[in-house]
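Notes for the one structure printed next.
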């Protein structure tokens, strides 16, 4: 009889603690989630860019989700150079064909994959980009060739709405 | 601080505790001997701690999204309400939390008044409490300004203008408070800064409040000194913790009802209209918890004297331990005081009611009588009562009358009804 | 226990007292059954969609709704247009954007992320076009009026001939429910003013109800989530309170004193 009573009491306390803990968890979540991107930020996911005025060999930089996006109209030499590289030589092997669907246009996030600085155009050992912060060299396809960055510069989701307009996101 | 030496069991515990006696503190808090006859009115201390923490946490979160600028404040509040994840929930908790905070603090204060908790040796606890209450009003007022609605703006204008009642330097002080020639962006940004600061001051004072409480220990419904630890006390944990927890949950049900089902009922519709310096709302009212003082302010037909009356109504409370001359703490054994106590409660409720009504005609007359009675209670009734009143005999200990050992039947009966 | 119940009631009374004092100037508003009232209240989707139609076709030429975006129209708990419909609605508006590369402002079709297009550039322009009266922004209008939805619903149907002895200036109209009875907005609704695509008969009453429902949602877009979460929270609290109550009884049974 006495033993049974203890058991029930233990069960009661355990249940109280368990239910209480669920409540604490449920209360903490909104306080954490409020720091995630809000509805208005999520809604601004795409931007359209008019590229009719960009000549071969020129790059424009546009802002998308608060980050720079490089849109480069590559010259034939640059394309040839990018496509001639053997995959074995690359730290992060990716074919240029996969990175630039339309070979003339390279659209990528202008953010160094090392620690997030913006690389400089037409600099570095590979005629592509060079990040001044910690010395990462990227080639004409935005692939990492030398330096501390681990991966190639990211290609965002984009599409040509028409011949002159690119929609990023 | 501690009544007894505490020795941690583990070696590391001892090593740590010798350098920073946190374990001693934790032990003191769990073992703290509490009178075992505390009723539910005593749970509001814990509830208030919960309110303060809730306000600080939700406030910090809101500050991450709020923009303290006259052009953007209203928009940023709407942004919180619409777009921020759970923003509506957090803001409604914060806004209704202020009301719940005041509800709890009024119960806490009136409990203290009934059971004489402000009397020796607890005067310092009481005075710290009054300072906390003043800071709460300041924080609540400035917080109400932040959404930059019509009531925010005009409330700020009216309240800051109170300072212009001060002779000679009044106008200068008001201009200084505003940082301009009217309530405007500089006023908003400084109010935001202070609104952010004050809760942490309150938190510090709450620690002192509890510290000062733990020196003499809790008062209790029969108001006698309790030997501790003894048969009359229980350790704070688990007895009081679970009881406070139960009361807190009941409180949270009421709180949740407001937040989820009538989140705007305690606010004022005009505050959903963006601040407009050209148009005053037809009917300016402060939040409900400030209404009694607002009624006192308006009941005096002179600008300076009105402000003086309003401030005195608050500061008079600080002198209460000396205004009340009775040696008996608890109203249970003071039959006359008990009646005056309830008249005072009614008086304050009446003041709150007329504070919400237009200051004219009958309302004004009622406000004046109620104001006069408020001061009469503290300045005349309480001091005289201490000498004149025939009090009931008090029991020797908490356990005694419960066990039926009291020689005085009336006392035992009184106590029983208290314990229920 | 008894004491805690007493406290519970006392707080209710005190707060009830407060509501009464708030409702100082009471006017009897027209009543209708709002689907969003009550513990489980939800919006009537088709009423919201019809209400949006009334807003766009009737109100939006003067009243802005600056806190709403076209994306809200397809969000959960709102009118719940499909995303394609919401996109089409957005695209039917011309939105001012810019500056472009040449530094010029330009217009383009609206996107989901755009805010509702405003009828006037600023308050002054709105006043100038409306005889000095600013048609208030309607995003939070329901919450900004003491009577809430009942007030707006009544006001829209409250246009009557002024009683004898009341003279009205030019551009001022008489309304039973308006504060002070004088309103600068003329009666906007008439039977059959809009043509509902779902075939509902567009009476004045119907349109008032629909557009008021829409305004309620605009002011409280998370109302449904709030009601849902509130129910869960309160049920949860009651369960936990019960558990804590019995735990408390157990613990206090170790000593003789009652709680």
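Give me a single rounded figure for B:200-208: the average over its residues of other chain Cβ atoms within 10 Å of their Cβ.
0
How many nm is it between the label spots at residue C:105 and residue C:88, if each spot is 7 Å from the Cα in line with the beta carbon?
3.1 nm
In peptide B:87-93, how many Cβ atoms from other protein chains are near each Cβ within 10 Å, on average?
Per-residue shielding by partner chains comes out at 4.
Just tell me how shielded B:284-294 is by partners: mean number of partner chain Cβ atoms within 10 Å of each residue's Cβ, no decimals.
Other-chain Cβ atoms within 10 Å of each residue's Cβ, averaged: 1.
By its C-alpha gyration tensor, with a ≥ b ≥ c as the square roots of the eigenvalues, how is chain A shaped: rounded for a/c under 1.5, else prolate for a/b larger than b/c, else oblate?
Prolate shape, in that a/c is at least 1.5 and a/b is the bigger ratio.
Report, to the nearest 10°, how far helix A:2-33 tilts away from the longest principal axis of the Cα atoms in chain A, using its own Cα long axis and a range of 0 to 90°.
30 degrees
Could I have the simple spin-label model distance between residue B:75 and residue A:54, label points 7 Å from Cα toward Cβ, reported in nm to one decimal?
Taking the simple label geometry, residue B:75 and residue A:54 are separated by 3.0 nm.
Which residues does the label zone of residue B:230 cover in the range B:195-219, counting backbone N under 20 Å from a point 7 Å along Cα→Cβ?
B:213-219
Regarding the protein assembly as shown, what are the three Cα extents along the principal axes, ordered largest first, in Å?
Result, largest extent first: 109, 92, 67 Å.
Can you give the calculated 222 nm mean residue ellipticity of the protein assembly as shown, where each DSSP H run of n ≥ 4 adds -39,500 (n - 2.57) and the sum is split over every residue, rounded to the nearest 500 deg cm²/dmol?
Helix contribution divided over all residues of the protein assembly as shown: -16000 deg cm²/dmol.
Based only on other Cβ atoms within 10 Å, what is the fewest-to-most ordering of C:220, C:83?
Fewest-to-most Cβ neighbours within 10 Å comes out as C:83, C:220.
When the gyration tensor of chain B is built from Cα positions, what are the square roots of 5 times its three eigenvalues, in whole Å, from largest to smallest?
They are 40, 29, 19 Å, listed from largest to smallest.
Could you please rank B:332, C:211, placing first whichever residue has the fewest other Cβ atoms within 10 Å of its Cβ?
Least crowded to most crowded, the residues run B:332, C:211.
Order these by the 10 Å Cβ neighbour count, fewest first: A:144, B:107.
Lowest count first: B:107, A:144.
Three principal axis extents, largest first, for the C-alpha atoms of chain C, in Å?
81, 60, 41
Okay, which of the range C:53-73 sit inside 20 Å, backbone N to the point 7 Å along the Cα-Cβ direction of residue C:32?
Under 20 Å, as judged by backbone N against the label point of residue C:32, lie C:53-61, C:63 of the range C:53-73.
List the pair-distance distribution P(r) of the range B:43-137, using every Cα-Cα distance, as the percent of pairs falling in each 5 Å bin from 0 up to the bin containing the longest distance, rounded to whole percents.
Pairs per bin, as whole percents: 3, 12, 19, 18, 14, 10, 9, 7, 5, 2, 0.
Report the full-extension gain for the segment residue B:53 to residue B:173: residue separation times 0.36 nm, less the Cα-Cα distance, to one decimal in nm.
My answer for the length gained is 39.9 nm.
Bear in mind these aren't lab numbers, they're just calculated from the coordinates by the rules spelled out. Since this is a predicted model, take the numbers as computed values, not measurements. For neighbour counting, all protein chains shown are included, and Cβ atoms are generated from backbone atoms with ideal geometry for every residue, glycine included.
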